[in-house]
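A quick write-up on the structure given underneath.
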Amino acid sequence: MRKGNLLGKSMETVEVRKDIIKIAWPAILEMTLHTLVWTVDTAMVGRLNPASISAVSLGAQIMFITMMILGAVGVGATALVARNIGAGDCRRAGKIGAQALSIGIFISVGVTIVGMIFAEDIFSFAVKDVAVVELGETYLRHVLIGGFFLIPFGVSNSILRGAGKTNYTLRAVLLANSFNIIGDYVLIFGKWGFPALGVKGAALATGIAQILGALTSLYYLFSGKSGIEIYFKDLFTIDKDILKKLVNLSIPAAFELTMNDGSRLLTAIWIAQLGTVQFAANSVAVAAESLSFMPGYGFAIAATTLMGQNLGAKNIDRAKESVAQAAKYAVVLMASVAFIFLTVPYFIMSFFTTDADTVALAAKCIRVGALEQVPIAIAMVISGALKGAGDTQGPFKISLATNLGVRLPLIFLIVFVFRLNIVFVWLATALQFMLEAVLMVIRYRREGWRLLELK
């Protein structure tokens, strides 16, 4: 009997691992595509002039950070959809998806109107260079033509992830980003008979790409291919119970994103006070390290989806096993990245810049970044699991504590009091991520998430 139980548990672990890989690998590729298109976008605009680079870079950051924070309704949608899919209630999952989409569309209308009207004021507040303001205003107004679809695109993908259909979100992102890259080449430089539009071309390529991506995701949702029963009429029907749950889950997620993005932005502003070389070294080191987050992101998505679905199916043991296996995969992959960062940092950084001083300093940063990899893997997966269970307040509170209690005070002291170099800033962030991982694990092991009712 004991042997049979062990065999059964072993088979269940194998099935859990299959589910994790099925969900995680498309999510990893999806995030890699986003990073790739950002890199290609920057490289193409970089062939124009410094003002164009600054305008497009700042404009894209403003738009995407705003849309991500305001699109945090997708976090609540993933958790609720996953819980109902696990419970076998595909119709309610569809109603939840429709309510989330309605909120996303409503927010998009507001953001688009504000952006169109105040584009010049937004850039004038951020920068003083007249040329950058003029180009940035042009970029923002044109990109918002398609940017209206950005939040619905993100929310649609969040709903599909809740259903475990990350292969569909990958297809939508692949189509959008492929068009974005080709559109950049054609519209920025005037190829294939099209006029050379420069910054305006980059904006149009990005905007149209978002429209294509959103329409693809919406097709998968409303065609029934996702397994979610969602209808257009649901978009115009208000369900107060669902709406309340979506808002309660999504507001902490929005605050968490605001805290993390705001902290990174403030850190970058402070680091700029240390000088050009140190700022450049930090920028290229961050660019290199951003690629290492892909495994953590993918397995966090898997943990979110499988936690929600298994709780919906009342299978707590399988939910916990899913989280454990997702964390193991993420730790192994990101520990491998840490080893690479430790052993060949100069080789890695030489791909990003040819300046010897910048390479040397960035290599030291990325070596310190190796210390962050395993804690980040653990924190991302456990955070995803908590959100999948409906505990979005936990990750927000932990983010608030580690940013305000560790990261920002330490970096302020390093930059403005002790005037130390950028390596010490990276040590401070490594400490933050270590503490964040510990707090996430403590929150998870208390198992308060078992008591949350989302349906």
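The values are calculated or read from the model by the stated rules, or taken from the named source; none is laboratory data. What you see is a predicted model; the values in this text were computed from it and never measured. Every residue, glycine among them, receives a Cβ derived from its backbone with ideal geometry; neighbour counts consider all protein chains shown. Keep in mind that these areas ignore ligands, DNA and RNA; they rest on the heavy atoms of the full protein, side chains included. Shrake-Rupley method; radii C 1.70, N 1.55, O 1.52, S 1.80 Å.
Counting only the heavy atoms of the protein chains, how much of D241 is accessible to a 1.4 Å probe, in Å² to the nearest 10?
That residue has around 80 Å² of solvent-accessible surface.
Too long at a 30 Å Cα-Cα cut-off: which of K200/K240; K225/K245; K233/K320; K18/K244; K244/K397?
Beyond 30 Å between Cα atoms: K200/K240; K233/K320; K18/K244.
Label segment 86-185 by shape, choosing from rounded, prolate and oblate, from the square roots a ≥ b ≥ c of the eigenvalues of the Cα gyration tensor; if a/c is under 1.5 it is rounded, and otherwise prolate applies when a/b is larger than b/c, oblate when it is not.
oblate
Could you compute the net charge surrounding A324? Neighbours are other residues with a C-beta less than 11 Å from the C-beta of A324; K and R count +1, D and E count -1.
+2
Which aspartates and glutamates, if any, have their Cα less than 17 Å from the Cα of K387, not counting same-chain residues under 8 positions apart?
Leaving aside aspartates and glutamates fewer than 8 places away in the same chain, those within reach of K387 are E256, E321, E436, E447, E453.
Protein chains only, probe 1.4 Å: how do I159, I208, I145 rank by accessible area, largest first?
I145, I208, I159
Can you give me the Cα centroid spacing of segment 165-185 and segment 212-258 in angstrom?
Centre-to-centre distance over Cα atoms comes out at 21 Å.
Explain nothing, just compute: Karplus ³J(HN,Hα) = 6.51 cos²θ - 1.76 cosθ + 1.60, θ = phi - 60°, for every residue of segment 264-273 in order, whole Hz, x for Gly and Pro.
5, 5, 5, 4, 4, 5, 5, 4, 4, 6
Which of the chymotrypsin sites (Phe, Trp or Tyr not before Pro) found in segment 131-230 are loop residues per DSSP with 13 or fewer other Cβ atoms within 10 Å of their Cβ?
Listed in order of number, the matching sites are W192.
Grab the DSSP H runs of the chain that are 4 residues or longer, score each as -39,500 (n - 2.57), total them, divide by all residues and round the 222 nm result to the nearest 500 deg cm²/dmol.
Taking each H run of at least 4 residues, the total per residue is -27500 deg cm²/dmol.
About the Cα centre of the chain, how large is the charge dipole given +1 on each Lys and Arg Cβ and -1 on each Asp and Glu Cβ? Please answer in debye to the nearest 20.
1520
Spelling out what I want: for every residue of segment 16-23, take phi, set θ = phi - 60°, compute 6.51 cos²θ - 1.76 cosθ + 1.60 (Karplus), and round to whole Hz; glycine and proline get x.
Listing the rounded values in order: 4, 4, 4, 4, 4, 5, 4, 8 Hz.
Relative to the Cα centre, what is the charge dipole magnitude of segment 133-241, using +1 at the beta carbon of each Lys and Arg, -1 at the beta carbon of each Asp and Glu, and rounding to the nearest 20 debye?
260
For the chain, which span is the longest to avoid every loop-located (per DSSP) member of GluC sites (Glu not before Pro) having at most 14 other Cβ atoms inside 10 Å?
Formally, the longest exposed-site-free interval is 1-446.
Rounded to the nearest 0.05, what FRET efficiency is calculated for D261 and L342 with R0 set to 35 Å and r the Cβ-Cβ distance?
E between D261 and L342, to the nearest 0.05, is 0.80.
Defining a contact as two alpha carbons under 8 Å apart and six or more residues distant in sequence, what relative contact order in percent does the chain show?
Result for the chain is 21 percent.
Restrict the search to segment 342-433; then list the trypsin sites (Lys or Arg not before Pro) that DSSP places in a loop and that have at most 16 other Cβ atoms within 10 Å of their Cβ.
R419
Along the charge dipole of the chain, which of A253, G94, F153 sits closest to the positive end, that is, farthest toward it, with unit charges on the beta carbon of Lys, Arg, Asp and Glu (+1, +1, -1, -1)?
G94
What is segment 12-169 by shape, rounded, prolate or oblate, if you read a ≥ b ≥ c off the alpha carbon gyration tensor as root eigenvalues and call it rounded for a/c under 1.5, prolate for a/b larger than b/c, and oblate otherwise?
Oblate, since a/c reaches 1.5 and b/c is not below a/b.
What list of ³J(HN,Hα) values in whole Hz, one per residue of segment 325-340 in order, does the Karplus curve 6.51 cos²θ - 1.76 cosθ + 1.60 (θ = phi - 60°) give from phi, with Gly and Pro shown as x?
Listing the rounded values in order: 5, 4, 5, 4, 4, 5, 5, 4, 5, 6, 5, 5, 5, 4, 4, 5 Hz.
Where the centroid of each part is defined by its Cα atoms, how far is segment 259-329 from segment 73-119 in Å?
About 22 Å separates the Cα centre of segment 259-329 from the one of segment 73-119.
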